[in-house]
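Just below is one structure, and these are the notes that go with it.
The values are calculated or read from the model by the stated rules, or taken from the named source; none is laboratory data. Being a predicted model, the structure only gives us computed values, none of them experimental. Positions of Cβ are backbone-derived with ideal geometry, glycine not excepted, and every protein chain shown enters the neighbour counts.
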Amino acid sequence: MVTPVECAYRFRFYPTPEQADLLNRTFGCVRVVYNRARAMREAAWTERTERCGFPQTNAMLTALKRLPEFVWLNDVSSVPLQQALRHLDTAYRNFFQRRARYPQVRRKDGPQSAEFTKSAFTYRDGKLKLAKMTEPLIVVWSRALPSEPSTVTVTREADGRWYVACRVVALAERLEGGGAIGIDLGLTDLAVLSTGETIANPRHLAKRHKRLVREQRRLARKQKGSKNRAKARLKVARAHAAVRHARQSFLHHLSTRLIRDNQTICVEDLSVTGLLRAKRHSRSIADAGWGELIRQLTYKAAWYGRTLVKVGRFFPSTKTCSVCGTTGHALTLADRDWACPDCGAHHDRDHNAARNILAAGLAVTACREGVSLGVLRHSGQSSVKQEPAP
């Protein structure tokens, strides 16, 4: 069975000097419009207690283009400017629904992006041309697009590399076969499976930490505003990009393998944001990428018809014996192996937790008690969230 899914294909491209100049001006216009609309919405509420949405900010953009001091806004396509206002409206909506933090001011340094809808680009015969451009972009098409893109997002990363992301509709074939598996995430080992397999933690940041520290120290010694400081900032961004790309590649390979080999995957519903507040292990937790791994497993399970079960974070998977089921055993972080005082079974700490996570996930999917909007609950201290397959 084949299921249509909406996804984005990302490619690297190399703009000509004229295209780079136009895109950089577009980024600047997007940034100015976004920040002014944000300030307008903030002032409307704090000063006059008035709600301000996309219609009001869009009218502000129209009036802004007529001012002599902002006539340069007409030199770029109007579509990315309106899309920036829509993104701001979505950011506020996510904030009020407590899904994201308060919208931040867009800065000149760092990654820059602009989104183009169908009215602002043409894609024909493998060539992509944006609005107000005379020549198509030189894109490295590493694979063919499954359909015509609906939106195109151009990004200039902090390391100076250019990327274009095309939103398309692809066909994902539902996978059949495979068993059930429980996953216990950790720092010593990135993941321990209920089958006994151990996946080592690659520690991408730790391997490249010396280079990153060296480049940051060189950046700190450069005079602000100088060309040497700009060069040093570029080297720091490239060092960060090397870590990010290595982590993403590793997690994609791991999540794809887990999805292809297993029908049901049970993981812990970790609060990574809360764990990052702990100063002692925050760098190691961020380096491991637990949240990104769970995110990839979530959407890939939906694509390929697999079942992903999230066991509640308060479920005592570590302190429960997977043989006799007794719980509440006193364990510290230093106890990597322990013996159950009730049945005498000897456990590896992480392997025992993975087996308990698998058992809890399978029990809930089998009983299906208290199902409401994709959330499955059963008696005890745990709550399990199941991501429904399409």
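Give the range 76-91 a look and list any residue that's of a type in the set (S, T, N, Q) and under 26 Å from D159 (Cα atoms), or say none. Answer for the range 76-91, where residues must be of a type in the set (S, T, N, Q) and under 26 Å from D159 (Cα atoms): S77, Q83.
Does any residue of the range 122-135 turn out to be of a type in the set (G, A, S), within 25 Å of R38 (Cβ to Cβ), surrounded by 13 or more Cβ atoms within 10 Å (Cβ to Cβ) and within 19 Å of the chain's Cα centre (by Cα)?
The first filter runs over the range 122-135 and keeps only residues of a type in the set (G, A, S), leaving 126, 131.
Now restrict to residues that are within 25 Å of R38 (Cβ to Cβ): 131.
The next check asks that each one be surrounded by 13 or more Cβ atoms within 10 Å (Cβ to Cβ); those that pass are 131.
Right, trim to within 19 Å of the chain's Cα centre (by Cα) and you get none.
No: the range 122-135 contains no residue that is of a type in the set (G, A, S), within 25 Å of R38 (Cβ to Cβ), surrounded by 13 or more Cβ atoms within 10 Å (Cβ to Cβ) and within 19 Å of the chain's Cα centre (by Cα).
Taking each residue of the range 117-131 that is closer than 19 Å to Y14 by Cβ and free of Cβ contacts under 8 Å to residues at least 24 places away in the same chain and looking for partners that are part of a strand (DSSP E or B) and of a type in the set (S, T, N, Q) with beta-carbon atoms closer than 7 Å, six or more apart or interchain, yields K129/T122.
Take the residues of the range 92-112 that are surrounded by fewer than 10 Cβ atoms within 10 Å (Cβ to Cβ) and in contact (Cβ under 8 Å) with a residue 60 or more places away in the chain: which is nearest to A158 (Cα to Cα)? By that ranking, first place goes to D109. Within the range 275-291, being surrounded by fewer than 18 Cβ atoms within 10 Å (Cβ to Cβ) and either hydrophobic (A, V, I, L, M, F, W, C) or over 25 Å from R355 (Cβ atoms) (or both) holds for L275, L276, R277, A278, K279, R280, S282, R283, A286.
When the residues of the range 343-390 are filtered to those that are outside any helix (DSSP H, G or I) and hydrophobic (A, V, I, L, M, F, W, C), the one that is modelled with the lowest pLDDT is L373.
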